[in-house]
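Student: Quick one: structure below, then a few questions.
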Amino acid sequence: HSMGEYAKAETLYLQTRDLEKKLRGENHPAYATSLNNLAALYSSMGEKAKAEPLYLKARDLRKNLRGENHPDYADSLDNLGFLYSSMGEKAKAEPLYLKARDLRRILLGENHPDYATSLNNLAMLYSSMGENAKAEPLYLKARDLRRILLGENHPAYATSLNNLAMLYSSMGENAKAEPLMLQARDLTRILQGEIHPDYAGSLNNLAVLYQSMGENAKAEPVLLECTRFFEMSRLARAKGFQRAIGGESGNPYFALAAISAYLRKPRQGFEAMEKNLARAFLDVKSEIRGQQLTPTQQERKDTILNKLRPIESRINILITRTQPNDEEKHELKILIENRRRLNLDLADLAAELSRQEVSDFATIQRAIPSGHALVTWVDVTSSNIKTDEHWACVLKSTGEPVWVQLPGSGEKGRWTEDERKLTASLRGLLKKELTPGDGSVSEHFDKVKAQRIAPLMAHLGGIETLYVVPVNDMAGIPVEPMLQDRTICYVPSGTFLARRGQPLQGPDTILALGDPVFPELAEPTPVPTALPPGGLLITEVVPEGGAARANLKAGDVLVTYAGTKLESIEQLGELIEANAGNKEVAGEFWREAEDKVVPRTLPPGKLGVAIDPEPARDAIAARRKNDALFASLTRGDEWVELPGTEVEVVELRKLFGEKGSRYLTRSEASEQTLDALRKADTLKNYKFLHLATHGQTNDVIAFNSRIILSQDRPKATEAAAGEPLLDNQLLAKEVMDHWNLNASLVTLSACETGLGRQGGGDGLLGFAQSFLLAGARSVCLSLWKVDDRATALLMDRFYRNMIEKKMTKVEALKEAKEWLRNLSVGEAADLLAKLTDGVARGDRPRRKDLAALPAQEGKGMVKPFDHPKFWAGFILIGSPD
């Protein structure tokens, strides 16, 4: 973990956790530590949703097993504070940090490294909140303590220098920041080596500092050095899409692209940008094909790493010596030089792999036909260092890349806070239930167009088709509403475009799924919301103790004792002692299931209970939240019937016919049916796949987005080794890991299937990558909650354009959107009535409401589907042909 090799660390941490659970049980401090360590790893990897429940469980175990006056409990508070701070939840982080600091001061004293850590973390929090006056003295004190207690040859001291530098940079005091950042860089190289992600991070911070100072020529060589070692660290520390999640620390490519554009080096800028696009996707694709490392390359990598590990271990021992002798100093010098040489060898290997994975400029440009262009955007911002640069890049079939700086309305052309948040604000609007009469969406599209599109128009003359790379701020934003006269296809990167291959030939066959079985919604199980009026929460009752004899149970709340309202454990102890001579004591308790305060006679003396130290109301509310958090990771939802999706399957059956195709509805529209096709390896026989059902995006856990299938089949609770879990929900991860396709197109006609976890240069992680990696050439996905009527019309036209008119996929979708947008009220009503004719199943009524048209109150609508809500949500990602 400390070396940044997260993939290896995860395997070991999981094994340790399982062994601790088996050997010591779940109520043991060692098990709590294993949960804490695993959470720390996931936090480092950017997997916050995985880290939080583990940290919470470790904290609760430590509180119950060790008590609150123990360093382990303070560590748990500090870890949770750090997690919440990194998630932007400052209000939750501050009280945790403060409590951890105070506990460490009491338990360990002020001359302890952990106390310095508490000061440093508090300072980071205040700095992120813009409270620099609070942050600076804490950073300074933490730095001085670390220098005294740990020495200047310690990674924590280097961290303190870097944090101070970032603070001074955010305050505009660059003269103070630069020497500290240089010192932190040099220390990190010596202490942790070039292979460690922190070294690439220190180089990147230094370069961004120079960039913010307007010294781009000074920043460029630093970033070029950083690219070399960033490639090396990303190769060593993680695998697959873990490199996209939480992997932006130390990533130099977008900053180098912006600086190269500024220095009028357009090709260098394009190549830097391309090396950051869909890299994790390309990694996984290479791993699937077994092409990432040749046997010779793997042998080189293993040899280098095997030599590095003992050197790293010995260096870590020697650098912590407070008074090394001359022999140890000489040994350390030789080891650092040997490590440098091995790291350079590893950097050369990483660069070699990078050249294999990313197509060169000439190859990408050859893949762009005349009249087409590749477009993407680069945003370089930092909350700590005052840098704010926004560029767009246009690459045509000939000539150099064109870089356009996107100006803001702030001082010196900087973007204002509202301008920086504009795309996020639009994404938020698009996720809501849109109404045709709501002008705010169109207004936001107009603003984004002025910000991101209008500055490019001078360079798009004669360009009919744009290949858009949707990453970072532009991920999840459809371009079509802003460029209605152009054809838009979304691609993961220029390399993907260059390697897409030739269009598939052969018969037009389809696997179409729709109208799954969803049982009638049951009355929801009521979730307790009531809280006790006060008192203390009993967490454990000793058998035969006083509370047990009074029939109190764990989870009950003791509200009063001897007529006194209870507010603290100390107060209860005093009352027990004061009433020890009585024959009995009057008390009151509250039980969650009954939600009422009940009198209860208690025996005098000790009750034989464990009490939660938090007030009962707070403790119960926190427990409910934690329970919900754990449950949310596994619990499914109830889904309403979708009779409208059968319209799509019926029309596809008419269009494609029966030969070679298959249509799955009702009970057959199940995960079990799809899995049987997977096991028979017949999914690859279909040129088109169309899945029309509910979709559920997951923007927290990558590849946990899901397609909901028929719920009338038995739901498995465990999966066989190496097999997917058949729980009536198809996860993006299951498609990526198990499916084998040879499809020209996969269409997910469901809500929000194009959304997912933010993955930096890989865009939104979810179904797009899963189906492309499984073998699809293109995926048609939705970016928001789609309308039944509009979707039925759009899909019918889309497929007829491809099959009957032989249009390419991207042309077919563009024409279908234009057609839908321009339908008159009469045309739309007639078509909807025709599409829904004959769609009935068993004793269920026909989908009459599908034929109803949207209406604006008080307004007549000439074109009922003109609003972007109805036609702009579906996008095509992948090969356009």
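Student: ³J(HN,Hα) across the stretch 137-152 via Karplus (A = 6.51, B = -1.76, C = 1.60, θ = phi - 60°), whole Hz, x for Gly/Pro?
Tutor: For the stretch 137-152, the Karplus curve yields x, 5, 4, 5, 5, 4, 4, 5, 4, 5, 5, 6, 7, 10, x, 7 Hz.
Student: Just name one of 51, 322, 253: the one whose Cα is farthest towards the positive end of the charge dipole of the chain (beta-carbon charges, Lys/Arg +1, Asp/Glu -1).
Tutor: 253
Student: Quick check on the chain: helices-only [θ] at 222 nm, where DSSP H runs of length 4 and up contribute -39,500 (n - 2.57) each and the sum goes over total residues. Nearest 500, please.
Tutor: It lands at -15500 deg cm²/dmol.
Student: Could I ask something else about it? Could you pull out every residue, at least 5 positions away or on a different chain, whose amide H is within less than 5 Å of the one on residue 765? Hs are placed 1.01 Å off N in the peptide plane, and Pro or chain starts have none.
Tutor: The answer is 757, 758, 759.
Student: For the pairs 687/817; 90/869; 8/679; 57/141, note any where the Cα-Cα span goes beyond 25 Å. Mind showing how you got there, number by number?
Tutor: Values: 687/817 23 Å; 90/869 35 Å; 8/679 31 Å; 57/141 32 Å.
As for pairs spanning more than 25 Å Cα to Cα, those are 90/869; 8/679; 57/141.
Student: Before I look further, what does the chain give for accessible area per residue, probe 1.4 Å, in whole square angstrom? Walk me through the intermediate numbers first.
Tutor: On the way: 37920 Å² over 881 residues.
Per-residue accessible area for the chain comes out at 43 Å².
Student: Applying a 10 Å radius around every beta-carbon, put 717-729, 59-71 in order of their mean neighbour count, most first. Can you show the working numbers first?
Tutor: On the way: 717-729: 14.2, 59-71: 16.8.
My ranking of the peptides, most packed first, is 59-71, 717-729.
Student: Here is a further query. Where does each of 418, 796, 675 land when they are ordered by accessible area, with a 1.4 Å probe and the largest first?
Tutor: Details: 418 120, 796 35, 675 15 Å².
If we order 418, 796, 675 from most to least accessible, we get 418, 796, 675.
Student: A further question on this structure: For the stretch 683-824, what does the alpha-carbon gyration tensor say about shape, rounded, prolate or oblate, given a ≥ b ≥ c as the root eigenvalues, a/c under 1.5 as rounded, and a/b over b/c as prolate?
Tutor: On the way: a/c = 1.73, a/b = 1.67, b/c = 1.04.
Because a/c hits 1.5 or more and a/b exceeds b/c, the stretch 683-824 counts as prolate.
Student: About the Cα centre of the chain, how large is the charge dipole given +1 on each Lys and Arg Cβ and -1 on each Asp and Glu Cβ? Please answer in debye to the nearest 20.
Tutor: 1320
Student: Another question, if that's okay. If you average the C-alpha positions of the stretch 276-324 and of the stretch 107-142 separately, how far apart do those two centres end up, in angstrom?
Tutor: Cα centroid to Cα centroid, the span is 34 Å.
Student: Tell me which aspartates and glutamates have Cα within less than 13 Å of residue 92's Cα, excluding those fewer than 8 residues away on the same chain?
Tutor: Here the aspartates and glutamates satisfying the reach criterion relative to residue 92 are 52, 78.
Student: Treating only the Cβ atoms of Lys and Arg (+1) and Asp and Glu (-1) as charged, compute the dipole magnitude of the stretch 151-225 about its Cα centre; round to the nearest 20 debye. Each step should come with its number before you reach the end.
Tutor: Working: 4 positive and 9 negative charges, 19 e Å.
That gives a dipole near 100 debye.
Student: Taking a ≥ b ≥ c as the square roots of the Cα gyration tensor eigenvalues, with a/c under 1.5 meaning rounded and otherwise prolate when a/b beats b/c, else oblate, which class fits the stretch 135-235? Working shown, then result.
Tutor: Values: a/c = 2.61, a/b = 1.19, b/c = 2.18.
Here the stretch 135-235 falls in the oblate category.
Student: Going from most exposed to least, what order do 13, 253 have by accessible area with a 1.4 Å probe?
Tutor: Values: 13 55, 253 5 Å².
The ordering from most to least exposed comes out as 13, 253.
Student: How much of the accessible area of the chain, in percent, comes from carbon and sulfur atoms when a 1.4 Å probe is used? Display every interim value, and only then the final one.
Tutor: Details: 19000 of 37920 Å².
Solvent-exposed carbon and sulfur of the chain make up 50 percent of the total.
Student: Then there's this: Please list, or write none, the aspartates and glutamates whose alpha carbon is within less than 14 Å of the alpha carbon of residue 396, excluding same-chain residues fewer than 8 places away.
Tutor: By straight Cα distance, residue 396 reaches 464.
Student: Additional query: How big is the charge dipole of the stretch 464-550 about its Cα centre, in debye rounded to the nearest 20, if each Lys and Arg gets +1 on its Cβ and each Asp and Glu gets -1 on its Cβ?
Tutor: Details: 4 positive and 10 negative charges, 73 e Å.
My answer is approximately 360 debye.
Student: What shape does the chain take by its C-alpha gyration tensor, where a ≥ b ≥ c are the square roots of the eigenvalues and a/c under 1.5 counts as rounded, a/b above b/c as prolate, and the rest as oblate?
Tutor: On the way: a/c = 1.85, a/b = 1.18, b/c = 1.56.
Since a/c reaches 1.5 but b/c is at least a/b, the shape of the chain is classed as oblate.
The values are calculated or read from the model by the stated rules, or taken from the named source; none is laboratory data. Just so you know, these numbers come straight off a predicted model, no measurement behind them. Note that we place each Cβ from the backbone using ideal geometry, even for glycine, and neighbour counts take in every protein chain shown. Note: areas computed on protein heavy atoms with side chains; ligands, DNA, RNA excluded. Shrake-Rupley method; radii C 1.70, N 1.55, O 1.52, S 1.80 Å.
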